[in-house]
1. Suppose the filter is touching a residue at least 60 places away in the same chain (Cβ under 8 Å) and surrounded by 17 or more Cβ atoms within 10 Å (Cβ to Cβ); does residue 129 pass it?
2. Among the residues of segment 71-96, which ones are without any contact (Cβ under 8 Å) to a residue 24 or more places away in the chain and over 18 Å from residue 31 (Cα atoms)?
3. Residue 74 versus (1) surrounded by 17 or more Cβ atoms within 10 Å (Cβ to Cβ); (2) modelled with pLDDT of 90 or more; (3) part of a strand (DSSP E or B): which is the lone unmet condition?
4. Looking at this structure, is residue 6 over 26 Å from residue 131 (Cβ atoms), touching a strand residue (DSSP E or B) at 6+ places or on another chain (Cβ under 9 Å) and at pLDDT below 90?
5. If you check 41, 37, 59, which single one turns out to be over 21 Å from residue 138 (Cα atoms) and modelled with pLDDT of 90 or more?
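The values are calculated or read from the model by the stated rules, or taken from the named source; none is laboratory data. These numbers come from a predicted model, not from an experiment. Methodologically, a virtual Cβ is constructed for each residue, glycine included, from the backbone with ideal geometry; neighbour enumeration extends over all protein chains shown.
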């Protein structure tokens, strides 16, 4: 042990070390893009939406997978909803070069059901534009579905 060298303080409880979620550079960047998209939809900001949504953007809803919602209809539907801010949690980003897959849980307001969302962002020059959004039930709704989930009783180790 070196004396005189400051060491970081580490607090531990009897239950073991606390785990804090890792927030990566990509999670911060795409969290900002998702926040800007939500703000542009609520503000009816056509210019910002043009910068954030690809011209051929579509929404794929788990309830109607064969009937994509085109860009104009998505914008109209989102702008007519209650003016509540989207709350995004548990974001993960997979960087595939010119494409990024961004998954997260999203809620509109306290007590609202969670959605599980996967957004496909594509790089256009130096900007990112949302190409496709896949959305379906999340949280308790998804837990009621009879889907095979590995290690459903525990937690899966994260791979970075």
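1. yes
2. Selection gives 71, 72, 73, 76, 77, 80.
3. Looking at each condition in turn, residue 74 falls short on (3).
4. For residue 6, the condition - over 26 Å from residue 131 (Cβ atoms), touching a strand residue (DSSP E or B) at 6+ places or on another chain (Cβ under 9 Å) and at pLDDT below 90 - is not met.
5. Testing whether each residue is over 21 Å from residue 138 (Cα atoms) and modelled with pLDDT of 90 or more leaves just 41.
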